[in-house]
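None of the figures in this text is laboratory data; all of them are computed from the coordinates on show. Computed from a predicted model, the values in this text were never measured in an experiment. Here the Cβ is made from the backbone with ideal geometry for all residues, glycine too, and neighbour counts use every protein chain on show.
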């Protein structure tokens with residue numbers, strides 16, 4: 001059996017033992033899985049940790065790797081490489097997949113964030129503008145007749161319909177409409193609004 005450079009520090013017997021453990025794990029041998037875990041967990045976690053840096057994610061990915069080893073050990077073939085090479089290749093692939101998935105998630109979040117970005121507005125400026133506009137309307141309202149101002153106040157500020165204004169003021173609905181129309185024309189002119 002050839003010892004690959006990833007198996008440096010392992011004896012040929014340990015390499016054969018790992019291959020044997022994988023064969024036994026493929027048949028559902030839990031004790032073999034526990035033995036393999038004890039032998040390689042530190043190296044698997046170390047490789048994942050070097051790639052991902054984050055301890056929590058490294059632990060998660062290491063757990064996924066051992067689950068994959070348990071589920072796919074029957075597919076391991078010693079002809080294609082040592083057990084450790086097979087495990088570390090799987091480890092590297094899983095860690096890189098996690099990085100890609102994280103990056104993809106960040107990219108997606110960024111696109112959504114940019115799409116949903118609403119420009120902040122200056123609330124002080126907005127308040128000043130509304131206040132100034134309100135003052136312009138009050139000044140324009142002072143230029144109306146008392147009857148026009150009363151009809152507009154009831155209809156636009158009070159939210160009453162033309163019929164309700166007519167009822168409140170005890171005047172015909174046509175008179176209400178005339179006062180509203182004439183008052184709005186005067187307001188538009190006083191505020192310098194062009195139609």
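Looking at 142, 98, 136, can you tell me which residue is in contact (Cβ under 8 Å) with a residue 24 or more places away in the chain and over 34 Å from the mean Cα position of the chain (by Cα)? Reasoning before the result, please.
On the way: 142 fails: in contact (Cβ under 8 Å) with a residue 24 or more places away in the chain; 98 fails: over 34 Å from the mean Cα position of the chain (by Cα).
Of 142, 98, 136, the one residue that is in contact (Cβ under 8 Å) with a residue 24 or more places away in the chain and over 34 Å from the mean Cα position of the chain (by Cα) is 136.
Here's the yes/no breakdown for (1) without any contact (Cβ under 8 Å) to a residue 60 or more places away in the chain; (2) under 21 Å from residue 19 (Cβ atoms); (3) part of a helix (DSSP H, G or I); (4) over 33 Å from the mean Cα position of the chain (by Cα):
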{"site": "92", "(1), (2), (3), (4)": "yes, yes, yes, no"}
{"site": "106", "(1), (2), (3), (4)": "yes, no, yes, no"}
{"site": "115", "(1), (2), (3), (4)": "yes, no, yes, no"}
{"site": "125", "(1), (2), (3), (4)": "yes, no, yes, no"}
{"site": "129", "(1), (2), (3), (4)": "yes, no, yes, yes"}
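When the stretch 138-180 is filtered for residues that are in a helix (DSSP H, G or I) and surrounded by fewer than 12 Cβ atoms within 10 Å (Cβ to Cβ), the ones remaining, listed by number, are 138, 139, 142, 146, 157, 163, 174.
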